[in-house]
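The values are calculated or read from the model by the stated rules, or taken from the named source; none is laboratory data. Model, not experiment: these values are computed from the prediction. Reconstructed Cβ throughout: ideal geometry from the backbone, glycine too, with neighbour counts over all protein chains shown.
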Amino acid sequence: MSIAAKKLDSYWMPFTANRDFKNKPRVISGASGHYYTTEDGSKLYDTLSGLWTTGAGHCHPKIVEAVQKQVETLDYCVTFQMTNNKAIELAERVTNLAPEGLNHCFFTNSGSESVDTALKIALGYHRAKGEGNRTRLIGRESGYHGVNFGGMSVGGMVNNRKTFSANLIPGVDHMRHTLNIEKNAFTRGLPHHGIELADDLEQLCSLHGGNNIAAVIVEPVAGSIGVYPPPIGYLKRLREICDQHGILLIFDEVIAAFGRLGAPFAAQRLEVIPDIITTAKGLSNGVIPIGAVLVRDTIYEAFMQGPESMVELFHGYTYSGHPVAAAAGIAALDVYEEEGTFEQALSIEQHFEDLLHSFKDQKNVIDVRNFGLMGAIEIAPRDGAPGARGGEMHKKCFWEANVVVRNVMDVLCFSPFFNSKPDEMEKSFLKIRHVLDSIE
Ligand SMILES: Cc1ncc(COP(=O)(O)O)c(C=O)c1O
């Protein structure tokens, strides 16, 4: 047994069936480009580019170099009442890419922290404007907004919530999710049916009074639940209802920002501009944990009142604007710009879509859906054992086919590298097809 495998017992793995994995561990010890390497030297093709994080490929030399340089120049720096040059530069670079009007950027270390930060900013904004009555938050069923209490409360992933159901934050409602396999199965791109689901927000406004609602948070394309692209017109309708009632619209773009949809932000690709955007993952190409919350000028300005020597928002993390993470972020944005990464992502969309939809007539496949470089193949649950087929797919792909595939119950999720090579994608999907064939 390798040293890493022996030591596994002390390690409580996240979102993992610990005992099952530890019975038969297979440990990653390296990565390069589009592949992971295991301790025993096998190469695994990564169909999820990290965890939707690493679109420009693993161990990108420019990002690696920037991190190495930064860690020996300024390893850490407090960002409360002082700051560092890298955090300032990254904030400017990110806001330059952002939709018009979202010119302010608050740093976090993860998607979960970005979401909780955004919710706090939304509540603080209304209070600063003298509308402290706006306290309700609206999320959506099946939404994923991380695992902290705020994000979990507005989120709608049942398994994540049920253990903590009595302790979720109060004053939260959920709209219905937008997946409708009966009407939209095998849609390429945005589904045609479901715009009316946005009117759930109008109903909640009638129920509570729109003037009591602080914010609505949605993933523009729901990712972690198994890729639910928004129905045509749905996000625009949400925007209209928010405008009518003075509610802030938050797009959780932790997956979708930085190229996943072939644009810096999903808001730009989908042509609906929210008031707040949460990000993480692709901001540093996954190399160092960092997230950012982007807010409209009006929101930032609402906080910038009162005596100038006063802290305006009592919120922040020890590592907000960490110089090494920020250097990784700057280098990632350089790579995206120099290599035309977002254009690369756009240019492989069609091929990715065709590969996914070639599974349409495959045994047990009940839906295929995709938008940008986010895609999913949904397989029918086995009678009495939901999730079993998906779990087997993951394991067999990982162990036998040397392909990393993510399953969420019986949905297989894919987020290819922006610079994927067509033949490598084809080879990996062929392997996945064989594994799927072998599963009863
Ligand atoms: C939309 C969305 N929000 C928040 C998160 C949480 O991010 P993290 O795991 O970095 O806390 C995720 C993670 O996948 C996500 O997809």
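Among the residues that make up segment 287-305, is at least one of them closer than 23 Å to Ser49 by Cα, in the same structural domain as Leu235 (by TED's automatic domain parsing), more than 18 Å from the chain's Cα centre (by Cα) and among the acidic types (Asp, Glu)? Looking through segment 287-305, none of the residues is closer than 23 Å to Ser49 by Cα, in the same structural domain as Leu235 (by TED's automatic domain parsing), more than 18 Å from the chain's Cα centre (by Cα) and among the acidic types (Asp, Glu). Among the criteria (1) outside the structural domain of Tyr319 (by TED's automatic domain parsing); (2) in contact with a Pro (Cβ under 8 Å, 6 or more places away or on another chain), the one Thr37 does not fulfil is (2).
Can you tell me which residue is nearest to the ligand (Cβ to nearest atom) among those in segment 97-150 that are among the basic types (Lys, Arg) and outside any loop (DSSP other than H, G, I, E, B)? Before the answer, list the steps.
At the first step, the residues of segment 97-150 found to be among the basic types (Lys, Arg) are 120, 127, 129, 134, 136, 140.
In the following step, the residues that additionally are outside any loop (DSSP other than H, G, I, E, B) were identified as 120, 127, 136, 140.
On the way: Lys120: 15, Arg127: 24, Arg136: 20, Arg140: 11 Å.
Top of the filtered list is Arg140.
Go over the candidates Arg260, Arg239 one by one and state the one that is basic (Lys, Arg), within 16 Å of the ligand (Cβ to nearest atom), modelled with pLDDT of 95 or more and outside any strand (DSSP E or B). Steps first, please.
Values: Arg239 fails: within 16 Å of the ligand (Cβ to nearest atom).
None of the others qualify; the one that does is Arg260.
Screening Lys69 with (1) modelled with pLDDT under 95; (2) part of a helix (DSSP H, G or I) gives one miss only, at (1).
For segment 137-154, give me each residue that is among the charged types (D, E, K, R) and buried (at least 23 other Cβ atoms within 10 Å of the Cβ). Walk me through it before giving the result.
Initial filter on segment 137-154 (among the charged types (D, E, K, R)): 140-141.
Answer for segment 137-154, where residues must be among the charged types (D, E, K, R) and buried (at least 23 other Cβ atoms within 10 Å of the Cβ): just Arg140.
Does Lys360 qualify as being part of a loop (DSSP other than H, G, I, E, B) and either out of contact with any Cys (no Cβ under 8 Å at 6 or more places or on another chain) or aromatic (Phe, Trp, Tyr) (or both)? Show your work before the answer.
Details: part of a loop (DSSP other than H, G, I, E, B): yes; either out of contact with any Cys (no Cβ under 8 Å at 6 or more places or on another chain) or aromatic (Phe, Trp, Tyr) (or both): yes.
Yes, satisfied.
Ala257 passes every criterion in (1) within 18 Å of the chain's Cα centre (by Cα); (2) touching a residue at least 60 places away in the same chain (Cβ under 8 Å) apart from (2). The residue list Ser49, Ser10, Ser2 contains one member that is surrounded by 12 or more Cβ atoms within 10 Å (Cβ to Cβ) and modelled with pLDDT under 95, which is Ser2. In segment 401-440, the residue that is farthest from Gly282 (Cα to Cα) out of those that are hydroxyl-bearing (Ser, Thr, Tyr) and assigned to a loop (DSSP other than H, G, I, E, B) is Ser420.
If you check Glu39 against the conditions, is it at pLDDT below 95 and more than 16 Å from the ligand (Cβ to nearest atom)? Against the criterion (at pLDDT below 95 and more than 16 Å from the ligand (Cβ to nearest atom)), Glu39 qualifies.
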